[in-house]
1. How high is the relative contact order of segment 43-274, given as a whole-number percent (alpha carbon pairs under 8 Å, six or more residues apart)?
2. Quick one: Karplus J couplings for segment 219-227, per residue in order, coefficients 6.51, -1.76, 1.60, θ = phi - 60°, nearest Hz, x for Gly and Pro?
3. Among all stretches of the chain without exposed GluC sites (Glu not before Pro) (DSSP loop, at most 12 other Cβ atoms within 10 Å), which one is longest?
4. Can you work out ³J(HN,Hα) from phi for every residue in segment 356-368, in order, using Karplus 6.51 cos²θ - 1.76 cosθ + 1.60 and θ = phi - 60°, giving whole Hz and x for Gly and Pro?
5. For the chain, what's the relative contact order in percent, using C-alpha pairs closer than 8 Å and at least 6 residues apart?
6. Where both residues lie in the chain, what percent of DSSP beta bridges are antiparallel, nearest 5?
7. When the convex hull of the C-alpha atoms of segment 43-274 is computed, what volume per residue in Å³ does it have?
8. Over the Cα atoms of segment 232-305, how large are the radius of gyration and the largest Cα-Cα distance (Dmax), in Å?
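The values are calculated or read from the model by the stated rules, or taken from the named source; none is laboratory data. All values reported here derive from a predicted model rather than from experimental measurement. We place every Cβ from the backbone using ideal geometry, glycine too, and count neighbours over all the protein chains shown. Areas reflect the complete protein model, heavy atoms only, side chains present, ligands, DNA and RNA absent. Shrake-Rupley method; radii C 1.70, N 1.55, O 1.52, S 1.80 Å.
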Amino acid sequence: MTRLDTAWVRAQFPAFAEPSLQGQAFFENAGGSYTCQLVIDRLTRYYTQRKVQPYAPYEASQLAGAEMDEARQRLAALLGVDTDELSFGPSTSQNTYVLAQAFGQLMDAGEAIVVTNQDHEANSGPWRRLADRGIEVREWCVDPETGALNPDDLETLLDEKVRLVCFPHCSNVVGQVNPVVEITALAHAAGAFVCVDGVSYAPHGFVDVGALGPDIYLFSAYKTFGPHQGLMVIRRALGNLLPNQGHAFNGGTLYKRFTPAGPDHAQIAACAGMADYVDAAYRHHLGGDAEPVKRAGAVHDLMRGHETALLQPLLDAVKSRNSVRLIGPDTAAHRAPTVALALNRPGAEVAADLARHGIMAGGGDFYAGRALRAMGVDSEKGVLRLSFTHYTSQAEMDQLLNALDDVL
């Protein structure tokens with residue numbers, strides 16, 4: 001099996017050569033990743049050569065528009081969807097809010113949606129506010145011991161009133177990867193649409209949204225090595241059904257229907273650098289020809305293989321400590337490398353102690369207060385969260401494990 005070349009990977013990220021970051025091991029990737037050089041290059045080029053209104057007849061404007069179109073076309077292809085089914089917005093939180101407004105106009109009072117208490121508040125909160133419009137909000141609850149979502153529990157919530165089921169690909173504190181295909185099939189069989197929050201999963205590899213099957217898939221570019229944009233797949237049947245949330249004159253264009261404000265031209269153009277990175281990783285590790293969605297899948301598997309190998313020793317090191325409660329599964333194959341630990345003191349305090357050992361981590365509730373409360377975690381203490389991605393090295397994992405020994 002081809003293994004990830006971490007030396008090559010790290011050479012693509014300027015942060016690892018930055019003098020001010022030397023000796024610092026970055027374990028707060030769930031909050032935002034380092035940016036790859038290919039994205040930085042595109043952003044710099046746009047701001048220096050093409051910072052004009054796009055789509056006008058002069059050359060700089062034509063090039064600006066072409067770069068924006070390229071980003072949408074290439075990323076949509078990696079995700080296995082049509083080009084116009086991919087929209088860009090200022091953040092996933094904002095995109096979710098816009099979608100909730102659209103569903104609020106589409107649905108009638110008395111109809112229902114399903115949300116979970118495993119979600120980050122940004123994906124759950126906008127949907128829950130639809131209760132103010134008379135829409136019933138049903139909560140699919142986690143197991144209080146494991147933090148897992150049981151699809152059998154969802155089945156009991158589904159009936160002819162449910163129009164939408166919202167859930168995360170994985171939680172930003174539980175880390176368990178949810179069975180998207182199975183859950184989507186259950187919801188679709190009941191006549192409901194499906195919205196998947198992929199923010200916490202996408203940093204570990206782009207997925208074939210077309211094969212997974214949800215009607216909406218959301219994630220954030222700033223957590224997938226790119227600029228601060230929210231990416232939103234809306235499949236055509238649903239996108240054309242929902243009321244237009246953009247300018248009236250944009251209502252006929254699918255990827256503009258859910259962008260109320262003008263897009264950030266430069267950041268959209270720079271998102272093509274994310275596709276550049278996936279393609280470069282594919283060429284370096286595998287070579288040959290493959291359609292975009294297959295390239296993305298192969299790179300996804302390389303990333304996950306590397307992350308899983310690094311993750312299991314960390315899980316083994318913390319799960320047996322009496323003073324530590326590991327949130328979520330203790331097997332790496334079933335979770336993303338986002339590890340939340342409930343301790344006998346505030347997570348933020350422990351993160352500060354780790355910082356003195358060169359570990360960049362975070363503590364708190366990470367907007368996942370509903371999930372933590374459901375599992376009995378003290379909201380005043382929160383958790384220590386340790387999160388990494390495929391550019392993390394074995395040496396950094398060793399640095400983390402040694403620091404944890406000292407701090408815990």
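1. On the way: 451 pairs, mean separation 62.9, N = 232.
Relative contact order of segment 43-274: 27 percent.
2. Going residue by residue, I get 7, 10, 5, 6, 9, 10, 6, x, x Hz, with x marking Gly and Pro.
3. Numbers: sites that count: Glu145, Glu160, Glu380.
The answer is 161-379.
4. Rounded to whole hertz, the list is 6, 9, x, 9, 8, 9, x, x, x, 9, 6, 6, 10.
5. Working: 832 pairs, mean separation 96.5, N = 408.
Over the chain, the number comes to 24 percent.
6. On the way: 20 of 39 bridges.
For the chain, the DSSP antiparallel bridge percentage is about 50.
7. Working: hull volume 25.8 nm³, N = 232.
Considering the Cα atoms of segment 43-274, their hull volume per residue is 111 Å³.
8. Every Cα atom of segment 232-305 included, Rg and Dmax give 16.7, 46 Å.
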